[in-house]
1. Which value, in debye to the nearest 20, describes the size of the charge dipole of the range 14-75 about its Cα centre when Lys and Arg Cβ atoms bear +1, Asp and Glu Cβ atoms bear -1, and nothing else is charged?
2. Helix 111-133 versus the longest principal axis of the chain: what is the Cα-based angle in degrees, 0 to 90, to the nearest 10?
3. Taking 8 Å as the Cα distance limit and 6 or more residues as the minimum spacing, I'd like the relative contact order of the chain as a percentage.
4. What FRET efficiency, computed as 1/(1 + (r/R0)^6) with R0 = 22 Å and r the Cβ-Cβ distance, is obtained for L20 and D79, rounded to the nearest 0.05?
5. For helix 7-29, what angle does its Cα long axis make with the longest principal axis of the chain, in degrees from 0 to 90 and rounded to 10?
6. Mind checking which of V113, P43, L75 is farthest towards the positive end of the chain's charge dipole, using Cβ charges of +1 (Lys, Arg) and -1 (Asp, Glu) about the Cα centre?
7. Please report V128, V117 as a ranked list, fewest other C-beta atoms within 10 angstrom at the top and most at the bottom.
8. Could you give the size of the charge dipole of the chain about its Cα centre, using +1 on the Cβ of each K and R and -1 on the Cβ of each D and E, expressed in debye and rounded to the nearest 20?
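We did not get these values from a lab; they are worked out from the coordinates using the rules stated. On a predicted model such as this, the values are computed, not experimentally measured, just so you know. No Cβ is skipped: glycine too gets one built from the backbone with ideal geometry, and neighbour counts run over all protein chains shown.
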Amino acid sequence: MGAMVPIELKLLMAAVIIGLLQIVWAASAGSGGERSLAWLMGPRDEPKPVGVVAGRLTRALANFLETFPLFAAALLACDFAGKFGPLTYYGAILYVAGRALYVPLYASGLSVVRTLVWTVSLVGIVMVIVAFFQ
């Protein structure tokens, strides 16, 4: 059997899964109306409008793609440096939980709560960074 995988790396993989789900959710929400299957499968040279929820999901995905590389880099740096501990553990939990909650909150239009949850995920990244420098 292989070595035990640290929970932080399992949480990193959970964040990857969240990202994949967001890609699928945003793409499927962007279909319909003026966005036919042929248009979605084509080069998309002519922009077509999306509905409100599809627009929110697309923006939520863009936000994930902005924060995930920072989380992954910070967590992997801590792994390589042997810095896993309480800060990386709880920081990774905050990031993953925040990102998992962020998308449905954004899709439903709950602005203030969404921003608070986004802040929680950002605090998680900061905690991982702080752990690296300790």
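1. Values: 5 positive and 4 negative charges, 24 e Å.
My answer is approximately 120 debye.
2. Roughly 30 degrees, rounded to the nearest 10.
3. Numbers: 131 pairs, mean separation 40.1, N = 134.
Over the chain, the number comes to 30 percent.
4. Values: r = 22 Å, r/R0 = 0.98.
That pair, L20 with D79, gives E of 0.55.
5. Once rounded, one gets 10 degrees.
6. Working it through, the farthest residue towards the positive pole turns out to be V113.
7. Values: V128 29, V117 22.
Ordered by Cβ neighbours within 10 Å, fewest first: V117, V128.
8. Numbers: 9 positive and 6 negative charges, 40 e Å.
Dipole about the Cα centre, nearest 20: 200 debye.
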